[in-house]
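What follows is a short report on a single structure.
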Amino acid sequence: MGKRGLTVGYIFCDKEFKEDEKAFIKVAKKKKINLIFFNIAKEISEDEVEERAKQCDIIFNNSAEEFAIEFVKTLEELGKKVIEPSEKYYRSDDKWLFFLKCKENKVPTPETILLSENIVIAEKELKEFGRWPVVLKRIEGCTGEYVERAENIKEAVKILEKFWANGERLPVIAQEFIKSKSYRVTLIDDKIVQTATKDNTGWKSTGVYQKKHHKFKVDKNLKKICEKITKASGINVCGVDLMNDNGIWKVIEVNSQPAFDFFPNEREMLIGKVLDLLIKKARKK
């Protein structure tokens, strides 16, 4: 860092600066942090990436695009520390692996099975699973993409046929359906910094579809679950999505690029905590 102060690289993907980028600029200026932007929506030459990377003490990825993971790997090959490291994406983005990690760490989740890519065997597995309605999800995907609910085996088979229509039989999990609103807990540096409900009208409760949010209290059980999640995932900045099954918290997934816009008046507060984390990580050798 030296006398020039901390320089943070910032990965995003958009045509122009949006509210997050504007807030990062504002808060970074207050903290005397220099920002260098990597906009993966625009063409950047390898030489330019390398030159910008040299100036960064640490880099923060605020893009959930799949290409961003490859971009992070590129920066890591250049010897840069990135939050989050590429290897951590596989602990959260693979829904089946995440379920296994939760099971290993005694984190409550909906009952889940991995389906065979043979549709005849998958049909048999679903019948044996016997939880209707059932939620079918490709093991990779975000914003509710490739996530559908089936009321019976006939509907489930149709959904699988649709998921596999292009001949690419990507793995699919089947998960018990829990009738509940969705709850989001945002954690930064292992600390709970925000809670938000996703008040839904339909059965899907992703932030993309839901715009009404309210805060909720974190009880002792939920706090313990969040502690286990951060330990299991190792993710520094994350959003934990949960449902409440008759008083029992169950974790649905963890997002390694959590939204900062549930409550716009708290955006700068969250970004300030992210920058504080980056300062700490950059100083740690």
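Bear in mind that the values in this text are calculations on the coordinates, not laboratory data. This structure is a prediction, so every number in the text was calculated from the model and none was measured. Please note: Cβ atoms are built from the backbone with ideal geometry, for glycine as well, and neighbour counts cover all protein chains shown.
Remind me, what semi-axes does segment 20-174 give for its equivalent ellipsoid, largest first in whole Å, using sqrt of 5 times each Cα gyration tensor eigenvalue?
40, 17, 14
Starting at the first residue of segment 8-18, write each ³J(HN,Hα) from the Karplus equation 6.51 cos²θ - 1.76 cosθ + 1.60 with θ = phi - 60°, in whole Hz, x for Gly and Pro.
10, x, 9, 9, 8, 9, 6, 5, 8, 5, 9
Report the one residue of Ser116, Gly167, Val134 whose Cα lies farthest in the direction of the positive end of the charge dipole of segment 112-176 (charges on C-beta: Lys and Arg +1, Asp and Glu -1; origin at the Cα centre).
Val134
Taking H as built 1.01 Å from N, whose amide H comes closer than 5 Å to the amide H of Leu35, not counting residues under 5 places away?
The list, which skips near neighbours in sequence, is Val8.
In debye, nearest 20, what is the charge dipole magnitude of the chain about its Cα centre with +1 on Lys and Arg Cβ and -1 on Asp and Glu Cβ, if you could check?
In total the dipole reaches around 1600 debye.
In whole Hz, what ³J(HN,Hα) sequence does segment 155-164 give by Karplus (6.51, -1.76, 1.60; θ = phi - 60°), x for Gly and Pro?
Using θ = phi - 60°, the values come out as 5, 4, 5, 4, 5, 4, 4, 5, 4, 9 Hz.
Is segment 1-86 best put as rounded, prolate or oblate by its Cα gyration tensor, with a ≥ b ≥ c the root eigenvalues, rounded for a/c under 1.5, and otherwise prolate when a/b is larger than b/c, oblate when not?
oblate
Counting residues in segment 112-176 as N, plug N into 2.2 N^0.38 Å and put the Cα Rg over that result.
The value comes to 0.97.
Counting helices only, and only those DSSP H runs with n ≥ 4, report the 222 nm mean residue ellipticity of the chain as the sum of -39,500 (n - 2.57) divided by its residues, in deg cm²/dmol to the nearest 500.
-11000 deg cm²/dmol
List the residues, sorted by chain then number, that are 5 or more residues from Ser182 or on another chain and whose placed amide H is less than 5 Å from its amide H.
Lys198, Asn200
What would the Debye equation give as log₁₀ I(q)/I(0) for the chain at q = 0.15 Å⁻¹, counting only Cα atoms as equal point scatterers?
Debye output, listed in q order: -1.18.
What's log10 of I(q)/I(0) for segment 131-285 at q = 0.09 Å⁻¹, Debye sum over Cα points only, no solvent?
Relative scattering, expressed as log10 I(q)/I(0), comes to -0.34.
Name the residues whose placed amide hydrogens come within less than 5 Å of the amide hydrogen of Phe177, ignoring near sequence neighbours (fewer than 5 apart) on the same chain.
Long-range HN contacts for Phe177: Val135.
What list of ³J(HN,Hα) values in whole Hz, one per residue of segment 228-235 in order, does the Karplus curve 6.51 cos²θ - 1.76 cosθ + 1.60 (θ = phi - 60°) give from phi, with Gly and Pro shown as x?
Per-residue couplings from phi come out as 5, 5, 5, 5, 6, 8, x, 8 Hz.
What is the chain's relative contact order, in percent, from Cα pairs under 8 angstrom and six or more apart in sequence?
18 percent
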